[in-house]
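Peer 1: A single structure is presented below for examination.
Every number in this text was worked out from the coordinates using simple rules, so none of it is lab data. Model, not experiment: these values are computed from the prediction. In this analysis, Cβ positions are derived from the backbone assuming ideal geometry, glycine residues included, and neighbour counts consider all displayed protein chains.
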Amino acid sequence: MKRKNRRKVNPYSDKKTFNIEEFKANSSLITYSKESCHLLKGEELNEISITKDTSVISWLNIYGFQHSQAVRKIIADNNMDEFLINLVIDNNHRNKVIELDDCFFLTLKSPYYSAESNETKFEQMVFIVGETYVWSIQEVEGDHFQHLRERIEKNLGVIRKKGADYLFYLLMEAIIDNYYIAYDKLTKANIGLDNLNETKPTPEFAIKVENKKRQLNQIKRMTISIKDAINQLENIDCFDFDIKYFIEIKEQIGLMGDEIDFNLSQLESSLNLMFSIQNHRLNEVMKTLTIFSVIFIPLTFLAGIYGMNFKNMPELHTEYGYFILLGVMVLISLVSIFFINRKKWF
């Protein structure tokens, strides 16, 4: 049996699709230190040079994975490990960490909530982190890091006093915030569990519930894989990073996982309660129908017997037979009602 190729078609195989203007429009480079900050984007990005000066931090951000030639040039111009070319141009990674000579490669999924499809989707994100730089690549254009750019440009907080490890920590924290945003929107979506008395377990409702459970489990699975990746980062020794940042990221991811578990547990409890209520209602209806059956089945039996058209039926010529039969029916009904009431079946 042949093994199926799980890898998607390489989006960089056609070099003719490269557009330098598009690359410049989708890229930005920030270099900063305690004293200064420089932002290059658009036409200013004629040459991307990532500094090796430990007092200056570089942050390169690119949107899209279609700029393979530019990626090759950046890696070659800055004397980076050539293996990064193979890693970056393949956008079908799972969450993982790869340690190289002077940097590490991290790929993960970042969530965003799609209002059109009313569900959480995930984009591929890549980080290449060295001692003096962070290189981030986002699959979907949409800035998750604008607040960090403002903090760097306006020198807010301690970000310009810290190294690349602190910048990487803030970027990871922004991605975790995306998980919280997607999670909050997903949990606020009304699928009918807020009012169980008015909710009917229709097929449409079941589809909504299963879709919500699927998305919650997907977010949980992604957070677990990120936590595993951070565990790997704690063991890297290519340069000195403050381990407390990794510990803080793991704690935040752990809290999110706990919240998702709690929400899933509540969802299951609400579903069980709703079906219990529906079963109770159904049992009440069945009990009412059974009571009516107990009362009227004997009457139907008598009516059936005396509704038969046989010639020799003794009661047919009885003067008061009709009234006697009605009296017997009433008596049977009263006895049945008395018995049911005594047994407290009502």
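Peer 1: Give me Rg over Rh for the range 48-139, both radii from the alpha carbons and Rh done the Kirkwood way, two decimal places.
Peer 2: 1.01
Peer 1: In debye, nearest 20: dipole of the chain around its Cα centre with unit charges on the Cβ of K, R (+) and D, E (-)? Write down the numbers at each step before the final one.
Peer 2: Working: 42 positive and 46 negative charges, 366 e Å.
Here the size comes out at about 1760 debye.
Peer 1: Roughly what would the spin-label model give for Leu156 and Lys73, points 7 Å off Cα along C-beta, in nm?
Peer 2: Spacing of the two 7 Å Cα→Cβ label points: 3.4 nm.
Peer 1: Helix 321-342 against the longest principal axis of the chain: what's the angle in degrees, Cα atoms only, rounded to the nearest 10?
Peer 2: Taking Cα atoms only, the helix is inclined about 40 degrees.
Peer 1: Need the C-alpha centroid separation for the range 53-107 versus the range 227-306, integer Å.
Peer 2: Using only Cα atoms to place each centre, the spacing works out to 43 Å.
Peer 1: Once you've got the GNM for the chain with C-alpha springs shorter than 10 Å, pick whichever of Lys287, Lys250, Lys220 has the biggest mean-square fluctuation.
Peer 2: Lys287
Peer 1: Pairing the Cα long axis of helix 68-77 with the longest principal axis of the chain, what angle in degrees results, from 0 to 90 and rounded to the nearest 10?
Peer 2: 40 degrees
Peer 1: Taking 25 Å as the cut-off for C-alpha to C-alpha distance, list the pairs among Lys161/Lys244; Lys121/Lys213; Lys41/Lys220; Lys154/Lys188; Lys220/Lys250 that go past it. Numbers along the way, then the final one.
Peer 2: Details: Lys161/Lys244 17 Å; Lys121/Lys213 14 Å; Lys41/Lys220 36 Å; Lys154/Lys188 35 Å; Lys220/Lys250 14 Å.
Too far apart for the 25 Å limit: Lys41/Lys220; Lys154/Lys188.
Peer 1: Report, to the nearest 10°, how far helix 243-305 tilts away from the longest principal axis of the Cα atoms in the chain, using its own Cα long axis and a range of 0 to 90°.
Peer 2: 10 degrees
Peer 1: Tell me what the chain gives for mean residue ellipticity at 222 nm when only DSSP H runs of n ≥ 4 count, each as -39,500 (n - 2.57), the sum divided by the residue total, rounded to 500 deg cm²/dmol.
Peer 2: Numbers: 8 runs with 172 residues, N = 346.
Calculated mean residue ellipticity at 222 nm is -17500 deg cm²/dmol.
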